[in-house]
Amino acid sequence: MSTSGGGAGSKPDLKGFMPEEVASFMVGLGEPAFRGTQVFSWMHRNHASSFDDMTNLPLALRARLAACARMTNLAVLSRKAGSQGTVKYLLGTDDGNSVEAVRMRYRYGTSACVSTQVGCKMACAFCASGIGGFVRNLTAAEIVDQVLKINLDVSPSGGRVGNIVLMGTGEPLDNYSASVKALRILNAEGGLNISFRRMTVSTCGLVPGILRLADEGIPVTLSISLHAPTDDLRDELMPVNRRYPIAEVVQAASTYATRTGRRVTFEYALISGVNDSDLHAHLLAGLLRGLLAHVNLIPLNPVEEREYERPSRDRVMRFLGILKRSRIPVTSRRELGADIDAACGQLRRRYCR
Ligand code: SAH
């Protein structure tokens, strides 16, 4: 696998451009700015897979674009349907890497859960994404195109992607610029035009990234993967905790909530005999008391390479009950995707073996 960033030489990738950037690129070619609007809309509304598809551009211009620019077009390597309308995609990049994306059906439309890196550096003990190590950051274009590939699949039946979650493989705040740029492109008018309020950035707790995102001026939902209420346990499960311990992460979450007015979600994967006792629940409640926050309990999705197991349904309900009685807003996530290897690097692992 290549470690280069996006491959295909140094031609600018127009799929990673904002509408105004596409417009100034066209102006740079001596074309009127409206050509930029056309190209942006071909890429993001009409799912053009090459400049050749852009049939309202003069032929000569299409040829010029192909010569001096490029547009990422991920290859759909596999599609795997699970229950409840969930579909898992394995998508190939131009340089021969592969990434996962998951489509989920929600009451009001389709959610796209996409990856931000090939592999991951964070090495969380229960997660499959980091097993093969880190390969490279995805470009903004590659993050956007995962959403477009899903949108293309649902559009024939009148559907469209209405929610984005950066919760696939990789750590979005470790690939900050490309992740935020991708969200801005997905929000842009003339493209998918998805509201920032329907986007979620999930992080293992990179404090400087959280604080930067708080000042970004985009009101996305922040989701923090906490998974443990004490530093000792979190150090063990998530090595990142040694750099950014729980108190700092909770403080950053509180800053995020204050600056954006958005309720922060704390993800907590329940692992049998590890972080799922009554005491853990009480400690977690104590940690989050008074915060504009919400806990999402996820029964662990067991990974073949790890020995961790999922707790019984009773244990999950008991843990949930303790948080509820402590007045911490809490839900238990439907385990969408568990039957199709979920969004935790598992499909890519299987494929890459
Ligand atoms: N790096 C980001 C986003 C990717 S992981 C983050 O850490 O949030 C997406 C979510 O899946 C995270 O909450 C992660 O902790 C969780 N996860 C990873 N492996 C899992 C597993 N085996 N079972 C359940 N959740 C898992």
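The values are calculated or read from the model by the stated rules, or taken from the named source; none is laboratory data. Since the model is a prediction, treat every value here as computed from it, not as a measurement. Here the Cβ is made from the backbone with ideal geometry for all residues, glycine too, and neighbour counts use every protein chain on show. The accessibility values were calculated without ligands, DNA or RNA, using every heavy atom of the protein model including side chains. Shrake-Rupley method; radii C 1.70, N 1.55, O 1.52, S 1.80 Å.
Scanning the stretch 121-155 for residues that are in a loop (DSSP other than H, G, I, E, B) and of a type outside the set (Gly, Ala, Ser) yields a total of 8. In the stretch 210-246, which residues are within 11 Å of the ligand (Cβ to nearest atom), closer than 26 Å to Ala112 by Cβ and either open to solvent by less than 10 Å² (accessible area, probe 1.4 Å) or not in a helix (DSSP H, G or I) (or both)? Leu222, Ser223, Ile224, Ser225, Leu226, His227, Met238, listed by residue number. Looking only at the stretch 167-192, residues that are outside any helix (DSSP H, G or I) and touching a Leu at 6+ places or on another chain (Cβ under 8 Å) come to 3 in all.
Please verify whether the stretch 61-84 includes one or more residues that are more than 26 Å from the chain's Cα centre (by Cα) and not hydrophobic (A, V, I, L, M, F, W, C). So far as the stretch 61-84 goes, yes, one or more of its residues are more than 26 Å from the chain's Cα centre (by Cα) and not hydrophobic (A, V, I, L, M, F, W, C).
Test of understanding: among Val249, Val274, Val264, which residue is closer than 21 Å to Cys120 by Cα, within 15 Å of the ligand (Cβ to nearest atom) and either modelled with pLDDT of 95 or more or surrounded by fewer than 22 Cβ atoms within 10 Å (Cβ to Cβ) (or both)? Going through Val249, Val274, Val264 in turn, just one is closer than 21 Å to Cys120 by Cα, within 15 Å of the ligand (Cβ to nearest atom) and either modelled with pLDDT of 95 or more or surrounded by fewer than 22 Cβ atoms within 10 Å (Cβ to Cβ) (or both): Val249. Within the stretch 37-63, the set of residues being in contact with an Asp or Glu (Cβ under 9 Å, 6 or more places away or on another chain) and charged (D, E, K, R) comprises just one member, Arg62.
Starting from residues that are within 13 Å of the ligand (Cβ to nearest atom) and not small (Gly, Ala, Ser), keep the ones in the stretch 119-136 and report whichever is modelled with the lowest pLDDT. Out of the qualifying residues, it is Ile131.
Asn151 falls short on exactly one of the conditions (1) in contact with a Leu (Cβ under 7 Å, 6 or more places away or on another chain); (2) within 16 Å of the ligand (Cβ to nearest atom); (3) open to solvent by less than 30 Å² (accessible area, probe 1.4 Å), and that condition is (2).
Any residue at all in the stretch 312-333 that is surrounded by fewer than 15 Cβ atoms within 10 Å (Cβ to Cβ) and within 15 Å of the ligand (Cβ to nearest atom)? Yes; the residues of the stretch 312-333 include at least one that is surrounded by fewer than 15 Cβ atoms within 10 Å (Cβ to Cβ) and within 15 Å of the ligand (Cβ to nearest atom). Collect the residues in the stretch 178-205 that are away from the ligand (no atom under 16 Å from the Cβ) and of a type in the set (S, T, N, Q), keeping them in residue-number order. Those that are away from the ligand (no atom under 16 Å from the Cβ) and of a type in the set (S, T, N, Q): Asn187, Asn193, Ser195.
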